[in-house]
1. Hey, what angle do you get for helix 117-127 against the long axis of the chain, alpha-carbon based, 0 to 90 degrees rounded to 10?
2. Can you tell me the orientation of helix 193-210 relative to the chain, as the angle in degrees between its alpha-carbon axis and the longest Cα principal axis, to the nearest 10?
3. Which value, in debye to the nearest 20, gives the size of the charge dipole of the chain about its Cα centre, when Lys and Arg are +1 and Asp and Glu are -1 at the Cβ?
4. Let me have the 222 nm mean residue ellipticity of the chain computed from DSSP H runs of 4+ only, each contributing -39500 (n - 2.57), with the sum over all residues rounded to the nearest 500.
5. Among the chymotrypsin sites (Phe, Trp or Tyr not before Pro) within the stretch 150-250, which fall in a DSSP loop and have no more than 13 other Cβ atoms within 10 Å of their own Cβ?
6. Go through Ala228, Leu42, Gly163 and say which Cα lies farthest out towards the positive end of the charge dipole of the chain; charges sit on Cβ, +1 for Lys and Arg, -1 for Asp and Glu.
7. Do any trypsin sites (Lys or Arg not before Pro) in the stretch 180-226 lie in a loop, going by DSSP, with at most 14 other beta-carbon atoms within 10 Å of their beta carbon, and if so which?
8. Would the chain count as rounded, prolate or oblate if I go by the C-alpha gyration tensor, calling it rounded below 1.5 in a/c and otherwise prolate when a/b exceeds b/c, oblate otherwise?
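The values are calculated or read from the model by the stated rules, or taken from the named source; none is laboratory data. Predicted, not measured: the structure shown is a model, and the values here were computed from it. Cβ atoms come from the backbone with ideal geometry, glycine included; neighbour counts cover every protein chain shown. Heavy atoms of the whole protein, side chains included, go into the accessibility calculation; ligands, DNA and RNA do not. Shrake-Rupley method; radii C 1.70, N 1.55, O 1.52, S 1.80 Å.
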Amino acid sequence: MVDLKTNFSVLGISDLKTWFPIRRGILSRTVGYTRAVDGVSLNIKQGEILGLVGESGCGKTTLARTIVKLDPAKSGSILFEGNDILTTKGGNIRSLRQNIQIIFQDPFSSLNPRMTVIDTLTEGLIEHKMIPNRQKKDKALQLLNDVAMDSDSLYRYPHEFSGGQRQRISIARAISMKPKLIICDEAVSALDVSIQAQVINLLIDLKNKHKLSYLFISHDLSVVSYIADKTAVMYLGQIVENADTADIINKPLHPYTQALISDVPRIGENKDKRTILKGDVPSASNPPPGCRFHPRCPIGVQKCTTDVPRLENKGNNHFVSCHLV
Ligand code: SF4
């Protein structure tokens, strides 16, 4: 029987495009567009962690910023619990900002250096009138406890903490708003490997405790494979493969995903068997015709240079866009 509680879609993105105009000349005429996000469709169910992986500059962060309305979408739709974020206005944006929180890669720049931890953790709660002023300290202590930090952190400033501790404070601030979805944008990428594992395990615990869903964005497939239930692979503004994480790791179908997986070092592996991608990622302002991956694809054929492959279900909800799969 379908469990409606766990299959409820929290976020549904359909054919989303975020294009930035390229302006030239003294009249600042638009001469083209950088197609940072170009026709992305994704779905996140309640309680699910969707990993989004791809090389730096592929559009992952623009997608995250579009979801929280920091970057304007050109077209498409983003349904959050059935309501289109792109047409949300006025007071509903406030509710949206409460329900969708984002954690960035660099906690040092996302935390106000002049605010103590207690103020950082309770500022949003007081602004949204979710707690009275007198409950500030108790609430901040509870949040610190949630992220396994000492109570003596309350009146300290961000520069007094390590990178891992600062990221725990960012996480505590995000969960303080009782969100339904948290976007983790390279949230562990700047941390040492041992600290990465601790923060990822903390995110998993908090997800279960607070019934959260995550969009977990990373350039590192090994990190994504550890935390994500499903994984979408992004290349030059588009999703090229999307499936259960186990399928992506064990049976990658798209040549780009295969190259990303082969790039993850394994103990005892023969380095010569790795697939090294040739060339750089092309510019999103002038994407190649046909399959965008064709200039770097090790198995491409003539058709790939002219015909755009569609993202199709190849069975077991394993979606791939490749003419040869
Ligand atoms: Fe490679 Fe062609 Fe498949 Fe694109 S469509 S990934 S170029 S084989």
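1. In the chain, helix 117-127 runs at an angle near 90 degrees to the longest axis.
2. 70 degrees
3. The calculation lands at about 840 debye.
4. Only helices count here, giving -8500 deg cm²/dmol.
5. Tyr155
6. Leu42
7. Lys211
8. prolate
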